[in-house]
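Reading through the structure tokens given below for one structure.
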Amino acid sequence: MIITYIKIFILSLIQGHIIFVPKPTDLKPMKTPLEYGLQDTSDQTLVTEDGITIHYWLKKPVGEHKPYIVFFQGNSGHLGDIGSRDNYDKAEKAYDREYRINFLKVVEKNGYGIIAVSHRGYGISSGKPSETGFVEDVKALSEMIKKENIKVIPFGESLGSFSALTMMSDLKDSENLEGVVLIGAFASIEEKAYELHEDFRRVNALGFLKYRFDNKKIISETDYKGKILLLHGSDDQTTAPYHSEILLGEGRKKGLDIELVILKGAGHITWNPEVVLQNISAKIADK
């Protein structure tokens, strides 16, 4: 038991460095959208209530019937690069540092709008990453969406799942929200700690955690009536699919319109962008 407490104490000290990895080893400088091959996509910024400048990419949809997909990235790197293979799970096959760009290209090709977000401390956004800071970033984006009166589908990848659900909470009573998509989501940071260290279940791990990122709690408390789509790779070695199963179960207890699709053969970052967008189109956008 003493060893468990020592481990969890050390984890509490380095938790922020594990969760937020905006500048991993061998990260390449962030380029413009056009340099990545994204056409008619512009660099934009907005300022949050606490004075942080948030950078995002913006592309209008083709036609009024297509919504914007608001893309919230995972914890490593920026929108165009996640650093060298050593920074990620080596079990992933066909590792591609530009997998986010590949998805955004598919989104663009199919006529959807794009709002691709760099949270504070990531990319060329100012500030330092934090859980409360991410909430402020999303609040500013949600206000912009309501002001512009546009239709959106928040899409959260891994850590970005918290941001997508936070936007759901911000917009759930508006006409702007068409659905929510999470891929490779975790139930909470507490559950992630248990996944990595089973012995933590014997102690009050939550009391040692500075950051909660409690997706399960958000789902358990929401009264959102629209579609929540969970996508998870069957071969995800970073966040096991059971996390999405926990979220699914929580949503079903609340009577939410929630669905889980297991992507066969996909890993945490090695999912097929075409298949992912097909699911979004079939189950939300073109429903």
Got the relative contact order for segment 2-285 handy, in percent, Cα pairs under 8 Å and 6 or more residues apart? 18 percent
Selected from ARG97, ARG252, ARG120 as most flexible by GNM, with the chain as the system and alpha-carbon contacts under 10 Å: ARG252
For the Cα atoms of the chain, what angle does the longest principal axis make with the long axis of helix 99-109, in degrees from 0 to 90, nearest 10? 30 degrees
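Under the rule of -39500 (n - 2.57) per DSSP H run of 4 or more residues, summed and divided by the residues of the chain, what mean residue ellipticity at 222 nm is obtained, to the nearest 500 deg cm²/dmol?
Result for the chain, helices only: -10000 deg cm²/dmol.
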In debye to the nearest 20, the charge dipole size for segment 2-285, taken about the Cα centre with +1 at each Lys and Arg Cβ and -1 at each Asp and Glu Cβ, equals 140 debye
Tilt relative to the chain, helix 242-253 - C-alpha long axis, 0 to 90 degrees, to 10: 70 degrees
Output the antiparallel fraction of DSSP beta bridges having both residues in the chain, as a percent to the nearest 5. 30 percent
Put +1 on the Cβ of each Lys and Arg and -1 on the Cβ of each Asp and Glu in the chain; which of MET144, PHE20, TYR112 then has its Cα farthest toward the positive end of the dipole? PHE20
Could you tell me how many degrees, from 0 to 90 and to the nearest 10, lie between the Cα long axis of helix 2-19 and the main elongation axis, the longest principal axis, of the Cα atoms of the chain? 20 degrees
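Computed from the coordinates by the stated procedures, all read-outs in this text should not be read as laboratory data. Only a predicted model underlies this, so the values are computations on that prediction, with no experimental measurement involved. Using ideal geometry, Cβ is built from the backbone for each residue, glycine included, and neighbour counts are taken over all protein chains shown.
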